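*Asks:* Here you go, one structure.
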Amino acid sequence: MNKAERYKRQTVLSEIGEAGQARINAASVLVIGAGGLGCPVLLYLAAAGVGHIGIVDFDSVDETNLQRQVLFKTSDIGTNKAQAAAAHLHALNPDIIIEDFPVELDSSNVEALFERFDLVIDGTDNFAAKFLINDAAVKTTTPFIYGSILGFDGQVSVFGTPDGPCYRCLFPDPPKGHVPNCAEAGVIGAVAGMIGTVQAMEAIKMIAPHESFQPLVGRLLTVDMHSMENRLLTLSKNPDCSVCSKNRDEITLEYTLPVCSIIPEIIPDQMQGSDALLIDVRERNEWDAGHIEGAEHMALSWLMAGNVPGLHKDQDIILYCQKGMRSLQAAQYLAGLGFSNLRNMAGGYEKWLKIN
């Protein structure tokens, strides 16, 4: 296929032109997460002709992903996301290099991966991964484009540039309260599409700069899809930041979840015959839609509002939510109140349904 013909709708733009297209073709971009954000990012970068795209995702395509992860098809269910995405992108644009990394990003591989690419795009949905991406980006001097979605809201910014703030300048530490991911809190697919598309545009602006382009360095775009109200917040570099104020060789890369890891787990098929009190920490609408018989309802939001359940602190308690994340946070909260016999149901209500 004629490359000039393929890209002429963007090279005709004075801000791109032949020189900008050459930069796009020569660029390398690593996308972390081929999910709701990663899918539109990958589609538009591949279509634009980014010459080398890396995809990191250890997860498999699930039926519930198809509502927003528009790169995948029903036939992809059960396959690795990075590999499935690479196959579809190759079909879209066979002239670019696409690498799939079907691994979980962690402190053992993040630095080596980042050093191979010009730019990183964050398509993750949890704080632990975002902190790791940020710290590795600063350590390797690799800018990254941050994106976040929840419900009808989204955020985008560019972090990790030499003169701009990093993610820890905005969030020095993981928030104390649990922030649910898309699987738990829900999201409209179009929200993911819009925020992912903005991330893709920020990538183009970074790899093919023009005097008219103003990347979101030192600025945070927030979008409320309920009202379509957009805001641009100015972000300042923190001179005392725990990461970007340090020398690169002083930055340590850690991958720890911002939740307590010492709460023991129990799988649903181990619960038969248990005398433990079973507590469902999901919200009322989730409880009403279906719950485990014999469980008591005690929403995480109710607990985190400072309410203390009237239970004996040595009582045997098993907590569950939809997938096991909010219940782990609830267990951590109760442990801090002195409850000593807590267990978290691994996999949550979804796993319980599969075996019952």
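The values are calculated or read from the model by the stated rules, or taken from the named source; none is laboratory data. No experiment lies behind these values; they were computed from the predicted model shown. Here the Cβ is made from the backbone with ideal geometry for all residues, glycine too, and neighbour counts use every protein chain on show.
*Asks:* Confirm whether ALA82 is surrounded by 21 or more Cβ atoms within 10 Å (Cβ to Cβ), hydrophobic (A, V, I, L, M, F, W, C) and within 18 Å of the chain's Cα centre (by Cα).
*Replies:* Yes.
*Asks:* Being within 27 Å of LYS139 (Cα to Cα) and crowded, with 17+ Cβ neighbours inside 10 Å: is that true of VAL61 here?
*Replies:* The answer is no for VAL61.
The rows are residues; the columns are (1) surrounded by 10 or more Cβ atoms within 10 Å (Cβ to Cβ); (2) among the basic types (Lys, Arg); (3) part of a strand (DSSP E or B).
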| site | (1), (2), (3) |
| --- | --- |
| LYS205 | yes, yes, no |
| ARG231 | yes, yes, yes |
| SER242 | yes, no, no |
| SER245 | yes, no, no |
| LEU253 | yes, no, no |
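*Asks:* Next up: Could you tell me which of the residues ASP280, ASP275, ASP314 is of a type in the set (Asp, Glu) and either under 25 Å from ASN126 (Cβ atoms) or assigned by TED's automatic domain parsing to the domain that holds PHE127 (or both)?
*Replies:* ASP280 is the lone residue from the list that is of a type in the set (Asp, Glu) and either under 25 Å from ASN126 (Cβ atoms) or assigned by TED's automatic domain parsing to the domain that holds PHE127 (or both).
*Asks:* Right, next: Pick from VAL56, VAL61: which is touching a residue at least 12 places away in the same chain (Cβ under 8 Å), under 18 Å from LEU119 (Cα atoms) and assigned by TED's automatic domain parsing to the domain that holds ASP122?
*Replies:* VAL56 is the lone residue from the list that is touching a residue at least 12 places away in the same chain (Cβ under 8 Å), under 18 Å from LEU119 (Cα atoms) and assigned by TED's automatic domain parsing to the domain that holds ASP122.
*Asks:* OK, next. Looking at GLY324, GLY336, GLY347, GLY306, can you tell me which residue is modelled with pLDDT under 95 and at negative phi? I'd like the intermediate steps shown before the answer.
*Replies:* Numbers: GLY324 fails: at negative phi; GLY347 fails: at negative phi; GLY306 fails: at negative phi.
Exactly one of GLY324, GLY336, GLY347, GLY306 is modelled with pLDDT under 95 and at negative phi, namely GLY336.
*Asks:* Moving on to the next point. Show the residue pairs that are 6+ apart or on different chains and have beta-carbon atoms under 9 Å apart, the first residue being within the stretch 334-356 and without any contact (Cβ under 8 Å) to a residue 60 or more places away in the chain, the second being of a type in the set (Lys, Arg) and part of a helix (DSSP H, G or I).
*Replies:* Hits for this filter: GLY348/ARG326.
*Asks:* Just one of THR141, THR124 is buried (at least 22 other Cβ atoms within 10 Å of the Cβ), of a type outside the set (D, E, K, R) and touching a Lys or Arg at 6+ places or on another chain (Cβ under 9 Å); which is it?
*Replies:* THR124
*Asks:* Same structure, new question: Which ones in the stretch 7-48 are surrounded by 15 or more Cβ atoms within 10 Å (Cβ to Cβ) and β-branched (Val, Ile, Thr)?
*Replies:* THR11, ILE16, ILE24, VAL29, VAL31, ILE32, VAL41
*Asks:* Another one. Report yes if VAL70 is assigned by TED's automatic domain parsing to the domain that holds GLY147 and buried (at least 24 other Cβ atoms within 10 Å of the Cβ), otherwise no.
*Replies:* Details: assigned by TED's automatic domain parsing to the domain that holds GLY147: yes; buried (at least 24 other Cβ atoms within 10 Å of the Cβ): no.
It is false that VAL70 is assigned by TED's automatic domain parsing to the domain that holds GLY147 and buried (at least 24 other Cβ atoms within 10 Å of the Cβ).
*Asks:* Please count how many residues of the stretch 81-107 are farther than 18 Å from VAL41 by Cβ and polar (S, T, N, Q).
*Replies:* Summing the residues that are farther than 18 Å from VAL41 by Cβ and polar (S, T, N, Q) in the stretch 81-107 gives 1.
*Asks:* Counting just the residues of the stretch 35-67 that are of a type in the set (A, V, I, L, M, F, W, C) and farther than 26 Å from ALA22 by Cα, which one comes out nearest to the chain's Cα centre (by Cα)?
*Replies:* Across the stretch 35-67, the extreme among qualifying residues is PHE58.
*Asks:* Could you say whether any residue in the stretch 10-17 is among the aliphatic types (A, V, I, L, M) and assigned to a strand (DSSP E or B)?
*Replies:* Narrowing the stretch 10-17 to residues among the aliphatic types (A, V, I, L, M): 12-13, 16.
Filter once more, keeping what is assigned to a strand (DSSP E or B): none.
Scanning the stretch 10-17 turns up no residue that is among the aliphatic types (A, V, I, L, M) and assigned to a strand (DSSP E or B).
*Asks:* Of the numbered conditions (1) at pLDDT below 90; (2) under 19 Å from GLY338 (Cα atoms); (3) buried (at least 18 other Cβ atoms within 10 Å of the Cβ), PRO268 fails exactly one; give the number of that condition.
*Replies:* Result: PRO268 fails condition (2) only.
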